[in-house]
1. Using a 1.4 Å probe on protein heavy atoms, which residues of segment B:198-216 have at least 30 Å² less accessible area in the complex than alone?
2. What is the distance, in nm, between label points placed 7 Å from the Cα along the Cα-to-Cβ direction at A:Ala87 and at B:Trp135?
3. State, in square angstrom and to the nearest 100, the accessible area buried between chains A and B, both chains counted, probe radius 1.4 Å.
4. Express in whole angstrom the spacing between the alpha-carbon centres of segment A:168-187 and segment B:201-238.
5. Scanning chain A for helices, which whole DSSP H stretches are 27 Å or more long along the axis (Cα) and average 1.0 or more by Kyte-Doolittle?
6. Counting only residues 5 or more places away or on other chains, whose amide H sits under 5 Å from the amide H of A:Ser99 once H atoms are built in the peptide plane?
7. Taking a point 7 angstrom from the Cα of A:Glu427 along the C-beta vector, which residues in segment A:382-404 have backbone N less than 16 Å away?
8. Please state, to two decimals, what the Cα-based radius of gyration of segment B:1-111 comes to when divided by 2.2 N^0.38 Å (N = residues).
Amino acid sequence: MASEEAIGPRAQEGLRPMGTGPAGAGGSAHTETRITAEASIRSPFRGDFRVELLVAPGDVVAQGQPVLRATKAHAFTITAPMPAKVASIDMDRGQRLKSMLFYHEPGAGRHVFDVPDAMDGPVIWRLLANTGLWRAFRQRPGASPAFGDIRPAAILVMAHDTRPGAGRPLDWVRSRGAEIEAGLEALTRLTDGPVLMVRPRGAEVDQRHATGRVTLIDAPDVHPLGLAGPHVLRHAPASFDRPVWDIHIEAVADIGALIRTGMIPATKTVALTGPGMRTPLLQRVQAGADVRELLLGKVVPGNHLVLGGSAIDGAPARWVRWGSHQVTVLMAPPPEKPPHWLRAALSRTARPLPVIPTAGLDRALGGVVPVMPLIRAISAGDTETATALGALSLVEEDLALVDYLTGAEPRIARQLRALIDRAAVEEGVA
Amino acid sequence: MIRGLWSRETVALVLVLAMAPLAATWLMAMRGDGLLRLLSALAVVYGWQLIFLMIRAQPPSLAGIVTALAIAMLAPTGLGPVAFVLGASFGVVIGELVFGGWGRNILHPATVAVAFLGFGYPAAPWPDLAIPAAWGALGTLVVALAFGLYSMRLIGGAAIALTFAALAGLPVLDPFVAPAILAPMALLVCDPVTSASTQSGRWGQGLLYGGLVALFLGAWTSASALQVALSAALLANLAAPLLDELALLAWRSRRRRHHG
C-alpha cells in the first residue's frame, strides 16, 4: 500500500491565473487519435548534442525504431515517432543534431524491443536509454533530460497539472492501471530515494499493487502546485550532488507498456487550448506531431500565436515537443507602432525592471519558499543565496507565474536559467 | 507569453488610488495650507524625477505622488520654503533616486525626508493630524490590503502590539494620538517596497512598529504623538532588512533540520 501525505497548510498557497478555456480538455471522452503526415524530432538538449546516425534520408523506419544515438553514450538513442520515411536530417558539421523530419508511412509497422527478464535498476535504465524513453525524465538542477549513469535522489511523478488550459493527466491514464503499476515499479528501482506522486487532492490513482516506496502527495487545484517545482523544493530539494527527476504520469504508463509489451506507445495526449481555438480539445498524437496539421479547421479566424505549453510558460512551436502535453493558441496581437524614442530609450536603460512585492507574488511558488528574497537573489546573480533558497530545485516553468504576475524584464525564469548555468560551471559539472 | 498587470507602475497607480481616503480627509482638514504643501512637495519630487530622467534615463514613477503626500502630511510645520525644499530633496534623491528609483530603494524617501527635517530643525513644531485622518488612514489600509499591496501580517503585528499598549493604559486611541499612529503606518511603514518581504519579517516589523510606538509613548513624554510614530516608523523601516535576514536564517535552519 502506498503511503499518503497531504502537503502542509503553508504549502497550499497558490493562484488561479486567467484560464484560456480548458473546460472541455479535462475528460477523456472526446479524445481522438491523430497521426499527422509529418513529424519532427529535435535535440533534447539546449546545447551540444552530438549524435551518430543509424538511418539515412529515404530509409523507412518502424515506429519506435532507434534512428540515432548519442556520441558520448551509445546506449542513449532517439527513436522514430511513427512508422515513417526519413525525409531529412539537419545536423551541423560537428554532428550536432538540429532536427530530423519524418513522413508518415503507415505500413512500416512498430519496432519491438527485447525486454530482459531480470530487471534491476541499471538494466531498466539501459532499457530506457535504448528505447529513447530516457528523455521522459527531466533532471533538476538544470531542466535537461536525465543522461548518463546517474541515480537520482528522488523521482517525482506528476499526475497533476494546474497550468491555465492544461488537461487532467489522471483522466488520460484512467484505463492504464496495470501499465502505471509496472512503470512505478520500474521507477522505484531507478532510485534509492523516494518516489513521490503528486495528484489532485481527492483524486484516485489506479496504481493497484504499486509498492510502498511510492508516496502520494495531495495537491490543491491552484497554480503552481500542479508543477513539480514546489514539491521538489518542499520534499526533495535538488542539488548537483543529489539530482532529482520528474516525469509525467503518462510517460510512467508508457514505461510500463514498454516493460509489458516491448513496444513504445505510439501516441501521447495533448490538450489543444487557448482563446484561438473554436473548442478546446484533447487529442492523442505522436511525439513531434505537426502542430499546423493538428489545428487545421479548429481555430477561429484571424492571426494566431501558437505556443507549445501554456499561455504563461509556452514558447512558439511548430511541432509538439517531446514531454509537452499542451498546445495553446492565442490570438496574435496587432503589430505595434514603434514606441517614442524617449520611451524606448527609458525601457532599455531601466533593465532589469524593479519587482514590487504583492500578495499574489507571495503565493507564486506555492508558499514553500520566500519569493521576494529568491527573486532578488536571482536578479542580482547571487548564486550562493539563490542556491540556499532552493533555486537549484526550480526550472523555468516554475517561475513563469512570477513573470506573469510582475511583468519582469528580463524574465526571472531566464535569469534563473543563467544562474543555474553559472552555478554548474562553478561546481564543475557543466 | 501572456503577461499580468502588476508591473511597477500598476502597483504605484493602485497605491495612489488607495491613498485617496487619507489624502481627502487630510486636505478637507487642512484646506489651502495643505494643498500648498502638497503641490510644493509634488513639484520637488517630480522636479528631481525629471532631472534623473534627463541625466540617468531613469523613468519617473507615480509613486512620487505617495512620497509627496507623505512629506506634505508628516513634515514639521513652520519651516521656510528653503528648508522644506532642502529636506524633501534630500529624501527623494538620497532615499530613492540614487538607488535607481522606486522599487530599488531601501528606505522610504518620505521617511528619509521627514527624519532629515526632524533632526535638522528640532525646534520646528510637528503637525497635528485631525481625527478624520485616522479614518482616512484606515480606509487606505483596507483598500491597499484588499488589492494585495499591503501585508496583513505587518498590519496584524502592529495591531497586536498597539492593542497590548492600549490595554496597558497608553493613549493609543486618543483622538490626537490615533491619527498620528495610523497615518505614518498607512504612508510609510506598510510600503511594499521598503517593508519586510518575508512573512515572519512582516510580523516582526509590525510588532516592532507597534512596540516602539508604545515604548516611546510611555517613555518619551516630551515628544509629540507624530514625532513618536515617525521615530518608530524610521526604526522599523531600518530594521526591515535585518528582520528579513533573521527570517531567512530561521527558514534555512528549518530546511537543514528537515533535509540535512
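The values are calculated or read from the model by the stated rules, or taken from the named source; none is laboratory data. Small disclaimer: the values here were computed from a predicted structure and weren't measured. Here the Cβ positions follow ideal geometry from the backbone for every residue, glycine too, while neighbour counts run over all protein chains shown. Ligands, DNA and RNA are stripped out before the accessible areas are found, and what is left, the full protein with its side chains, is counted by its heavy atoms. Shrake-Rupley method; radii C 1.70, N 1.55, O 1.52, S 1.80 Å.
1. Correct list: B:Gln199, B:Arg202.
2. Here the answer is 7.3 nm between the modelled labels.
3. Buried: approximately 3000 Å² between B and A.
4. 59
5. Working: long enough: none.
None pass (Cα extent of 27 Å or more, hydropathy at least 1.0).
6. Amide H neighbours of A:Ser99, under 5 Å, 5+ apart: A:Asp90.
7. A:382-396
8. Numbers: Rg = 14.4 Å, N = 111, 2.2 N^0.38 = 13.2 Å.
Against the compact-globule rule of thumb, the ratio is 1.10.
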